[in-house]
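**Q** The structure follows.
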Amino acid sequence: MDCIFCKIINNEVKSSKVYEDEDLICIRDINPQAPVHVLIIPKKHIAKLHELKEEDINLVGKMLKIACQIAEKEGIKDFGYRIVINTNRNAGQSVDHIHFHLLGGRVMLWPPG
Ligand code: AMP
């Protein structure tokens with residue numbers, strides 16, 4: 001499958017890994033939009049949020065928990081951070097393998113662009 005995140009998960013493409021376990025891999029974004037920009041990626045290939053199944057609910061909960069732990073480790077827990085899921089091209093999704101963006105280390109604006 002021609003998926004950049006699957007290639008990273010399979011060690012076919014190098015990445016800057018901050019966390020890995022049997023379900024998830026967390027890497028630094030190659031094009032960071034904030035001082036801290038980490039991607040939380042499930043190892044299971046799920047292309048879009050709308051393809052999530054009942055059996056994936058625990059996985060998504062774990063992604064959120066790990067994102068919070070990384071925010072703490074990266075020193076942005078108290079300052080503030082944002083977790084983003086872009087869905088489909090008009091919302092900015094460029095990789096069809098679900099992932100959370102963990103962004104922090106600077107003041108964030110609202111509404112987002
Ligand atoms: P999205 O546009 O929401 O689908 O997010 C995809 C993110 O993956 C973008 O922020 C890209 O900069 C990032 N990205 C793409 N390829 C790589 C890569 N090889 N290593 C790390 N991040 C990547």
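The values are calculated or read from the model by the stated rules, or taken from the named source; none is laboratory data. Small disclaimer: the values here were computed from a predicted structure and weren't measured. Positions of Cβ are generated from backbone atoms using ideal geometry, with glycine treated the same way; all protein chains shown enter the neighbour counts. Surface areas here come from the heavy atoms of the whole protein model, side chains and all, with no ligands, DNA or RNA. Shrake-Rupley method; radii C 1.70, N 1.55, O 1.52, S 1.80 Å.
**Q** Taking only pairs six or more apart or across chains, which ones have beta-carbon atoms under 9 Å, a first residue in the stretch 73-88 that is on the phi > 0 side of the Ramachandran plot, and a second residue that is more than 16 Å from the ligand (Cβ to nearest atom) and open to solvent by 80 Å² or more (accessible area, probe 1.4 Å)?
**A** Listed pairs, sorted by first residue: Gly80/Val107.
**Q** Okay, next question. Of the residues in the stretch 1-17, how many are more than 9 Å from the ligand (Cβ to nearest atom), closer than 14 Å to Ile98 by Cα and either in a loop (DSSP other than H, G, I, E, B) or touching a strand residue (DSSP E or B) at 6+ places or on another chain (Cβ under 8 Å) (or both)?
**A** To start, the set of residues in the stretch 1-17 that are more than 9 Å from the ligand (Cβ to nearest atom) comprises 1-3, 6, 9-12, 17.
Narrowing further to those that are closer than 14 Å to Ile98 by Cα: 3, 6, 9.
Next, only the ones that are either in a loop (DSSP other than H, G, I, E, B) or touching a strand residue (DSSP E or B) at 6+ places or on another chain (Cβ under 8 Å) (or both) stay: 3, 9.
Total meeting the criteria: 2.
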